[in-house]
Every structure is written in C-alpha cells, then in structure tokens.
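The values are calculated or read from the model by the stated rules, or taken from the named source; none is laboratory data. Owing to the predicted nature of the structure, the values given are computational and were not obtained by experimental measurement. FYI the Cβ positions are ideal-geometry reconstructions off the backbone, even for glycines, and counts take in every protein chain you see.
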Amino acid sequence: MKLKDPARFARLAGAAGLLLALGACASLSGKPAPPDYAGSMAIAQTHADTGQVEAAVAALSQAAALEPAHKEPWLRIAQLRAAQNRHVDALAAAEQVLRRDPADSAAYAITIDSGLQVAQRTLERLRGSAQPPDDARRAQAQLIAALMAEVFGPELLVSEEFRTQLARDAIDRYRAARNKRLPDARKPEPKGDPLDLLGGD
C-alpha cells in the first residue's frame with residue numbers, strides 16, 4: 001500500500017513512540033497510576049475501617065470527582081461526618097445525595113437528624129447571646145415554630161408544666177378582670193330572709 005503523505009505518517013509514528021516511551025518511564029519510576037472510581041472507594045473503606053476518617057473522606061471526594069453522577073461517595077461522606085457530629089458537613093453531603101436521588105432514605109434521615117442538631121445549636125447560641133434577636137429572626141423563628149407544630153404537634157413546643165402554668169395564669173387574669181368589672185361580687189352575700197331584701201312584710 002502506497003502512503004499518500006509519508007511526512008504525516010512519520011509524525012504520527014513519532015508521537016506514538018513518545019507516548020510509549022513516557023509510559024515506560026512511568027512504569028520504571030515505580031509511581032502507581034491514580035486509582036479509578038472502584039479503587040478510590042476501596043481505599044476509602046480501608047481508611048474508614050482503621051479510623052482514618054479524614055483520609056477516607058479524601059478518597060471518597062476523589063471517587064466523587066471521578067464519577068460525578070454517583071451518589072455513593074457523597075452518602076458515605078455524610079455518614080462519616082454525622083458520626084463525627086459535624087452536622088453542617090453531613091447536611092451538605094446528604095444534599096448532594098438527594099440531588100442525585102431524591103428518594104434516598106438514608107440521606108433523607110441524615111438531613112432531618114443533622115438539621116435538627118444544627119437548629120438546636122443555633123437556638124442555644126441565641127439563648128446565650130447578649131443581643132436579642134431582631135425582627136427578621138423573630139419572623140423566621142415564628143415560621144419554623146409553625147412548621148414544627150404542624151409536623152410534630154403543638155404540644156411539642158410547650159412542656160406540660162409550662163402549659164399548666166399558662167392555664168393558671170389565664171384563670172388568675174380572668175378572675176382579676178371579673179372582680180374589677182364587678183366589685184360587688186367580692187362582698188359576702190347577706191344572710192336572712194330573702195323577702196327582707198325585697199322590702200316585703
């Protein structure tokens with residue numbers, strides 16, 4: 001077969017030879033090739049089993065970069081962070097899972113549990129703050145309280161002891177207001193014949 005462009009063929013052959021030479025050099029240098037997705041997941045599992053959480057997360061992040069459509073690396077990161085009580089990081093990873101699979105029950109559970117933990121810590125910070133919440137935060141808190149009452153029931157927001165105290169305070173306010181409107185109601189009822197009150201013989 002006659003070559004139409006011997007110069008072009010020579011260039012291609014030279015490039016192929018260079019790639020082969022580079023591959024041989026890499027093999028001779030002893031540097032391992034970067035792990036693929038399955039290898040990264042296996043490395044992450046090994047690190048997690050030995051308690052090296054940060055190394056495991058790094059390997060999982062590499063796996064996630066290699067296969068962006070896969071949810072498994074993100075779910076494993078969310079589980080590891082939740083176990084560390086790093087709930088903000090757990091929430092972020094779980095949200096990545098739900099973007100890829102909105103029906104994932106494990107990621108859904110992590111978002112609920114970690115979300116409640118973050119909310120609790122936020123309220124504790126507000127309680128310990130010397131600066132009272134502004135109107136915007138109060139409005140947001142009212143919205144959250146309404147949603148919690150709708151989901152968990154209104155009794156969740158107020159303890160039984162506090163509800164009893166509220167009922168007692170309401171009764172005391174009612175009695176005070178009634179006595180203020182009807183001062184004679186505080187006087188003892190007169191004793192004797194009821195006809196005497198009417199002026200009869």
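Brief remarks on what is shown
- Test for residue 76: is it basic (Lys, Arg), in contact (Cβ under 8 Å) with a residue 24 or more places away in the chain and either over 23 Å from residue 46 (Cα atoms) or in contact with a Gly (Cβ under 8 Å, 6 or more places away or on another chain) (or both): no
- The single residue among 42, 103, 136, 69 that is at negative phi, modelled with pLDDT under 95 and loosely packed, with under 15 Cβ neighbours inside 10 Å turns out to be 136.
- Taken together, the residues in region 51-77 that are in a helix (DSSP H, G or I), more than 18 Å from residue 37 (Cβ to Cβ) and not acidic (Asp, Glu) amount to 1.
- Every test in (1) out of contact with any His (no Cβ under 9 Å at 6 or more places or on another chain); (2) at pLDDT 80 or above is passed by residue 117 save one, and that test is (1).
- Selection status of residue 146, of a type in the set (A, V, I, L, M), modelled with pLDDT of 80 or more and more than 25 Å from the chain's Cα centre (by Cα): no
- Of the candidates 130, 109, 103, the single residue that is within 22 Å of residue 70 (Cα to Cα), of a type in the set (Gly, Ala, Ser) and over 11 Å from the mean Cα position of the chain (by Cα) is 103.
- Being in contact with a Leu (Cβ under 8 Å, 6 or more places away or on another chain) and of a type outside the set (S, T, N, Q) holds for only one residue in 109, 48, 139, and it is 48.
- Filtered residues of region 129-158 (kept if of a type outside the set (A, V, I, L, M, F, W, C) and within 22 Å of residue 115 (Cα to Cα)): 129, 133, 137, 138, 140, 142, 150, 153, 154, 155
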